[in-house]
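For reference, the structure discussed in these notes is given below.
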Amino acid sequence: MRALVSRRLRALILASLWITPLAAFAHEARPAYLELKETAPGQFDVLWRTPVLAGIRLPVVLEMPEGVRNFKEPTVQELTDSLLERRSVDAGPGGLAGKRIDFPGLQVTITDVLVRIELLDGRTWTMVARPSAPFVEIAEARGPAATALTFLTQGVEHILLGVDHLLFVFGLLLIVRSPWMLVKTITAFTVAHSITLAIATLGYAHVPALPLNAAIALSILFLGPEIIRACRGQTSFTIRHPWVVAFAFGLLHGFGFASGLAAIGLPQGDIPLALLMFNVGVEIGQLAFVTLILLLHRAFQLLEMRWPRWVEMLPAYAVGSLGAFWTLQRLVLLVEG
């Protein structure tokens, strides 16, 4: 059994080296959100939300098209994790059709801006501005298919850029000892985070962001010693039943996924479609990550590579150390907040 765990650890070493450089960006890719709701011909209520991390605002500016003027001055509300600006603007008789909204500063970030527009005639559509194209052009309305694709993409990006979520899954893979247990563990994690994602998004439960992020970091820290035990051929409840731990902590991670969807700030009418496609996107990203790890595992098996003992232990210490760092960092933010 020790040889099996050792081979699995060797197979996953490169994956741990790939994850570690991304660790500094864990949960720092929450999108900004712009909502434009037409209240009278050519007049819009504007809601502009920009994320805040450790007291620092995302360096993105909202730049409305030329000729658009404020007729209600902006008001700014400071939230725990974002700044919320509201104003009303007059875009003239032609409204915003055919015009472009720019987001200076977006090109130097790793996040997006989700834009939702609602017109008087009931048409709504959603667009995404990205660092490679920091603007949106308002043209004809887009249908449900385009909105679904937007949230599918957001789900994939959230899990792939949420390094803390990936590190937790990676830690589970280091503990799992058989293909059947792998299926049970990933299924348990999926079911658990889907439950709390739906509950939180539909408004039936809420967990404050700061204690939630600290708890997610603690779940990663928890896996560090368990991976070391597995590497040494020891056992524990977690090693024997990793699916139970995956389900329990998956409930926490589901609230984290919900915060990513909530950061978009969609009105209630968009939530069913957004929830479904966002969750599907998360699952696609998660399965892609697990598939990558398993392919690396198989490649190392075929190459029959040999690693020094300290290298074999590196993934365990990487998971535990990053979990400890994030836990302390987020506890400090919790106390200061």
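With charges only on Cβ, +1 for K and R and -1 for D and E, what is the dipole size of region 149-279 about its Cα centre, in debye, rounded to 20?
560 debye
222 nm [θ] for the chain, helices only, -39500 (n - 2.57) per DSSP H run of 4+, per residue, to 500?
-18500 deg cm²/dmol
What is the dipole size for region 78-164, taken about its Cα centre, with +1 at each Lys and Arg Cβ and -1 at each Asp and Glu Cβ, in debye to the nearest 20?
260 debye
Mean shadow of the chain, computed from the convex hull of its alpha carbons, in nm²? Can you show the working numbers first?
Numbers: hull surface 71.7 nm².
Taking a quarter of the hull surface, the average projection is 17.9 nm².
Dipole magnitude of the chain about its Cα centre, charges +1 at Lys/Arg Cβ and -1 at Asp/Glu Cβ only, in debye to the nearest 20?
1660 debye
Which order do you get for PHE71, PHE189 if you rank them by accessible area with a 1.4 Å probe, largest at the top?
Ranking PHE71, PHE189 by accessible area, largest first, yields PHE71, PHE189.
When the scattering of region 183-263 is computed by the Debye formula from its Cα atoms alone, each counted once and equally, what is log10 I(q)/I(0) at q = 0.13, 0.18, 0.19 Å⁻¹?
-0.44, -0.75, -0.81
Take every DSSP beta bridge with both residues inside the chain and express the antiparallel ones as a percent of the total, to the nearest 5.
85 percent
Given 0.36 nm per residue, what is the gain on full extension from LEU276 to SER178 after removing their alpha carbon distance, in nm?
Here the segment from LEU276 to SER178 would lengthen by 32.2 nm.
With every protein chain in place, what's the accessible area of ASP90 (1.4 Å probe, Å², nearest 10)?
About 30 Å², ignoring ligands and nucleic acids.
Keeping every protein chain in place, order GLU118, GLU66 by accessible area at 1.4 Å, biggest value first, i.e. largest first.
GLU66, GLU118
Is any residue of region 90-121 close enough, with backbone N under 19 Å, to a label point placed 7 angstrom from the Cα of LEU79 along the Cα-Cβ axis, and if so, which?
Inside the label zone: 111-118.
Less than 29 Å apart at the alpha-carbon level, and either on another chain or at least 8 residues along: which lysines does that give for LYS72?
Counting by Cα, and skipping residues close in sequence, LYS72 has these lysines nearby: LYS37, LYS99.
Please give the helix 309-336 orientation as an angle from the longest Cα principal axis of the chain, in degrees from 0 to 90, rounded to the nearest 10.
40 degrees
Put TYR204, TYR33 in order of accessible area, largest first, 1.4 Å probe: what do you get?
TYR204, TYR33
Pick out, from GLY55, ALA188, ILE228, the residue whose Cα sits farthest towards the positive end of the charge dipole of the chain, with +1 on the Cβ of Lys and Arg and -1 on the Cβ of Asp and Glu.
Of the candidates, ILE228 comes out farthest on the positive side.
Given the alpha-carbon gyration tensor of region 82-207, what are the semi-axes of its equivalent ellipsoid in whole angstrom, ordered largest first, with each equal to the square root of 5 times an eigenvalue?
Working: eigenvalues 287, 61, 40 Å².
Output for region 82-207: semi-axes of 38, 17, 14 Å.
The values are calculated or read from the model by the stated rules, or taken from the named source; none is laboratory data. In this text the structure is predicted, and so the values were computed from the model without any measurement. As a convention, Cβ positions derive from the backbone with ideal geometry for all residues, glycine included, and neighbour counts pool all protein chains shown. Protein only, heavy atoms only, side chains kept; ligands, DNA and RNA dropped before computing areas. Shrake-Rupley method; radii C 1.70, N 1.55, O 1.52, S 1.80 Å.
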